[in-house]
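*Asks:* Take a look at the following structure, please.
The values are calculated or read from the model by the stated rules, or taken from the named source; none is laboratory data. No experiment lies behind these values; they were computed from the predicted model shown. Please note: Cβ atoms are built from the backbone with ideal geometry, for glycine as well, and neighbour counts cover all protein chains shown.
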Amino acid sequence: MVFQNNSLGDETENNNLIKETELKPLPELYKQKENCCGCTACYAICPVQAIVMELDEEGFLYPVINSEKCIRCYKCLSVCVFKIDQAAKGYYK
Ligand code: SF4
Ligand code: SF4
């Protein structure tokens, strides 16, 4: 009985998560390369491994978000020292 209740709860939680994901924008980790130093903090904090670090043509690492995996928790923005402007927009607390 308890197991069934937990299952229903998980389903409701998953439905809420999908709705939330549809409403929120994908985080923007950088617009220009000078706004990212490739520190990998966003990559490390992501709870669902939605970020990969990819080499650019000069051999520097930059984060790329998989939009299908991203749950829009914005933890990646909260750890990035370059994202003060996005904090001001209320994308994360
Ligand atoms: S935390 Fe910020 S500076 Fe560091 S890799 Fe991610 S986007 Fe770039
Ligand atoms: S918003 Fe959350 S899930 Fe999406 S890339 Fe950032 S840390 Fe990962």
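*Asks:* Taking LEU29 as the residue in question, decide whether it is modelled with pLDDT of 90 or more, surrounded by 10 or more Cβ atoms within 10 Å (Cβ to Cβ) and assigned to a loop (DSSP other than H, G, I, E, B). Talk me through it step by step, then tell me what you get.
*Replies:* Working: modelled with pLDDT of 90 or more: yes; surrounded by 10 or more Cβ atoms within 10 Å (Cβ to Cβ): yes; assigned to a loop (DSSP other than H, G, I, E, B): yes.
Here the answer is yes, as LEU29 does meet what is asked.
*Asks:* Taking into account only those residues within the stretch 62-76 that are under 13 Å from GLY38 (Cα atoms) and surrounded by fewer than 18 Cβ atoms within 10 Å (Cβ to Cβ), which is nearest to ligand 2 (Cβ to nearest atom)?
*Replies:* The qualifying residue nearest to ligand 2 (Cβ to nearest atom) is VAL64.
*Asks:* Count, please, the residues in the stretch 47-83 that happen to be part of a strand (DSSP E or B) and of a type in the set (Phe, Trp, Tyr). Working first, answer last.
*Replies:* At the first step, the residues of the stretch 47-83 found to be part of a strand (DSSP E or B) are 51-55, 61-65.
Those still in the list that are of a type in the set (Phe, Trp, Tyr) too: 62.
Total meeting the criteria: 1.
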